[in-house]
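The values are calculated or read from the model by the stated rules, or taken from the named source; none is laboratory data. As the structure is a computational prediction, the values presented were derived from the model and not from experiment. Every residue, glycine among them, receives a Cβ derived from its backbone with ideal geometry; neighbour counts consider all protein chains shown. With ligands, DNA and RNA removed, areas are computed over all heavy atoms of the protein, side chains included. Shrake-Rupley method; radii C 1.70, N 1.55, O 1.52, S 1.80 Å.
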Amino acid sequence: MIEQDTIKLLRECDAGIKMGVDSIDEVMDQVESGTFRQCLASCRDKHIQLQKEIQVLLEAYHDEGKKPNPIAKSMSWMKTNAKMALDGSDKTIADLMTDGCNMGVKSLNRYLNQYQAASEQAKNIAKRLIDLEEELAIEVRQFL
């Protein structure tokens, strides 16, 4: 049970990171503020570093990870493009990032509760990812 919960939790973290990085990449070229762009780039880099740790652990379990849910990814893409078409300002981007971070935190906490038998190492990674998401949501408030 520990191994299965560990793999499942790591997979959800992997999918969440991919979704977050894709979202940042999608808007990065449209960010006007250099400070905001640096904030997003730094967060992206931290996500990628954490994803590398996850990949090492998943490989040890002979697992390839998980891609983001295609429906969730499509909905995110549509929301982003619709909002950006109406108003492509940094305020809109900050709003989208905040929503994404909040959804990520909510999902990750749900998975932590669902996969309680996961290893402490996997739980620690999920908590670190939650912290990254919460930090970004706080950092982008100045651009709302």
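Before moving on, here are some points about what is shown:
- Residue check, MET19 under 21 Å from GLU133 (Cα atoms), among the hydrophobic types (A, V, I, L, M, F, W, C) and open to solvent by 30 Å² or more (accessible area, probe 1.4 Å): yes
- For region 130-144, filtering for residues that are open to solvent by less than 40 Å² (accessible area, probe 1.4 Å) and within 12 Å of the chain's Cα centre (by Cα) leaves 5.
- Unique residue being surrounded by fewer than 21 Cβ atoms within 10 Å (Cβ to Cβ) and more than 22 Å from ALA118 (Cα to Cα) when the list is ASP5, ASP29: ASP29
- Going through (1) without any contact (Cβ under 8 Å) to a residue 40 or more places away in the chain; (2) surrounded by 13 or more Cβ atoms within 10 Å (Cβ to Cβ) one by one, ARG11 falls short only on (1).
- Remark: LYS8 falls outside the filter, which requires a residue to be more than 28 Å from PHE143 (Cβ to Cβ) and in contact with a Lys or Arg (Cβ under 7 Å, 6 or more places away or on another chain).
- Residue within region 37-53 that is without any contact (Cβ under 8 Å) to a residue 60 or more places away in the chain, buried (at least 16 other Cβ atoms within 10 Å of the Cβ) and of a type in the set (D, E, K, R) present: yes
For (1) under 18 Å from the mean Cα position of the chain (by Cα); (2) small (Gly, Ala, Ser); (3) farther than 21 Å from ARG141 by Cβ, each residue gets a yes or a no:
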| position | (1), (2), (3) |
| --- | --- |
| ILE17 | yes, no, yes |
| SER23 | yes, yes, no |
| THR35 | no, no, no |
| LYS52 | yes, no, yes |
| GLN55 | yes, no, yes |
| TRP77 | yes, no, yes |
| LYS83 | no, no, no |
| LEU108 | yes, no, no |
| TYR115 | no, no, yes |
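- Search result, residues across region 110-129 that are under 22 Å from ASP45 (Cα atoms) and open to solvent by 50 Å² or more (accessible area, probe 1.4 Å): GLN121, ASN124, LYS127, ARG128
- Going through (1) under 19 Å from ARG110 (Cβ atoms); (2) free of Cβ contacts under 8 Å to residues at least 60 places away in the same chain; (3) of a type in the set (D, E, K, R) one by one, ASP5 falls short only on (2).
- Hits in region 68-100 (condition: surrounded by 16 or more Cβ atoms within 10 Å (Cβ to Cβ) and either within 11 Å of MET19 (Cβ to Cβ) or touching a residue at least 60 places away in the same chain (Cβ under 8 Å) (or both)): PRO68, LYS73, SER76, ILE93, LEU96, MET97, GLY100
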